[in-house]
Amino acid sequence: MKIIVDYPPNFEQIDRVFGPLRHKSILYAYGDTIYNPMDVVIAPQLIAHEEMHGIQQMQHESAESWWDLYLSNKAFRLYEETLAHRAEYQHMVSNAPNRFGRRMALKHVAQRLAAPLYGRMITTANAKKELVK
């Protein structure tokens, strides 16, 4: 995926649902592009996460229709985020030096999935269970 320092084309729609988001270090996948408006260094596990969203969008009718559903349907959003967070977690696990590192990766990614950014759609405990499936 290419990386662009800008907001995605549907940023206003995203901001209406999750905002205010301007000037926050959030990455957005839109088609084959990762939008990185704050030009932050992107950790490899987050690239894996955003690549999963890119794959999801390509399997959908279009990136625009995927985003429309993602923004309007919490069950769809949770499913898609679970898969993306699972990709992120798997990347971290494959690079963890030991069991403690794997445990910390699970805790970190589960907390991100359960975070307010996504609307607290799942508890951290349930997120952990979903990530290891």
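Against the conditions (1) in contact (Cβ under 8 Å) with a residue 40 or more places away in the chain; (2) in a loop (DSSP other than H, G, I, E, B), where does Glu81 fall short? Just the number, please.
(2)
All but one of (1) farther than 21 Å from Tyr35 by Cα; (2) in a helix (DSSP H, G or I); (3) open to solvent by 60 Å² or more (accessible area, probe 1.4 Å) hold for Pro97, so report the exception by its number.
Every condition holds for Pro97 apart from (2).
Taking the stated definitions as given, is Val109 open to solvent by 30 Å² or more (accessible area, probe 1.4 Å), touching a residue at least 12 places away in the same chain (Cβ under 8 Å) and in a helix (DSSP H, G or I)? If you could, list the steps in order and put the result at the bottom.
On the way: open to solvent by 30 Å² or more (accessible area, probe 1.4 Å): no; touching a residue at least 12 places away in the same chain (Cβ under 8 Å): yes; in a helix (DSSP H, G or I): yes.
The answer is no for Val109.
Mind telling me which of the residues Tyr89, Tyr70 ends up being within 19 Å of Thr124 (Cβ to Cβ), surrounded by 15 or more Cβ atoms within 10 Å (Cβ to Cβ), among the hydroxyl-bearing types (Ser, Thr, Tyr) and under 15 Å from the mean Cα position of the chain (by Cα)? Outline the logic, then answer.
Details: Tyr70 fails: within 19 Å of Thr124 (Cβ to Cβ).
Sole residue among the options that is within 19 Å of Thr124 (Cβ to Cβ), surrounded by 15 or more Cβ atoms within 10 Å (Cβ to Cβ), among the hydroxyl-bearing types (Ser, Thr, Tyr) and under 15 Å from the mean Cα position of the chain (by Cα): Tyr89.
Which of (1) modelled with pLDDT of 95 or more; (2) of a type in the set (Phe, Trp, Tyr); (3) open to solvent by 20 Å² or more (accessible area, probe 1.4 Å) is the odd one out, the single condition Tyr118 does not satisfy?
Only one criterion is unmet by Tyr118, namely (1).
So, in segment 2-35, how many residues would count as being part of a loop (DSSP other than H, G, I, E, B) and over 13 Å from the mean Cα position of the chain (by Cα)? Working first, answer last.
Of segment 2-35, the ones part of a loop (DSSP other than H, G, I, E, B) are 5-10, 19-27, 31-32.
Of the ones still in play, those that are also over 13 Å from the mean Cα position of the chain (by Cα) are 5-10, 19-24, 31-32.
Matching residues across segment 2-35 total 14.
Considering segment 34-51 alone, what residues qualify as being under 17 Å from Glu88 (Cα atoms) and in contact with a Lys or Arg (Cβ under 8 Å, 6 or more places away or on another chain)?
Correct list: Ile34 only.
Checking the conditions here, which among Pro37, Pro97, Pro20 is more than 18 Å from Leu131 (Cα to Cα) and in contact (Cβ under 8 Å) with a residue 24 or more places away in the chain?
Details: Pro97 fails: in contact (Cβ under 8 Å) with a residue 24 or more places away in the chain; Pro20 fails: in contact (Cβ under 8 Å) with a residue 24 or more places away in the chain.
Exactly one of Pro37, Pro97, Pro20 is more than 18 Å from Leu131 (Cα to Cα) and in contact (Cβ under 8 Å) with a residue 24 or more places away in the chain, namely Pro37.
Could you say whether any residue in segment 53-64 is open to solvent by 80 Å² or more (accessible area, probe 1.4 Å), touching a residue at least 24 places away in the same chain (Cβ under 8 Å) and closer than 20 Å to Gly19 by Cα?
yes
Quick one: in segment 1-22, which of the residues that are open to solvent by 60 Å² or more (accessible area, probe 1.4 Å) and acidic (Asp, Glu) is farthest from Tyr35 (Cα to Cα)?
Across segment 1-22, the extreme among qualifying residues is Glu12.
The values are calculated or read from the model by the stated rules, or taken from the named source; none is laboratory data. Values in this document were obtained by computation on a predicted structure and should not be read as measured data. All Cβ positions, even for glycine, are placed from backbone atoms using ideal geometry, and neighbour counts span all protein chains on display. Just so you know, the surface numbers come from the protein's heavy atoms only, side chains and all, with ligands and any DNA or RNA stripped out. Shrake-Rupley method; radii C 1.70, N 1.55, O 1.52, S 1.80 Å.
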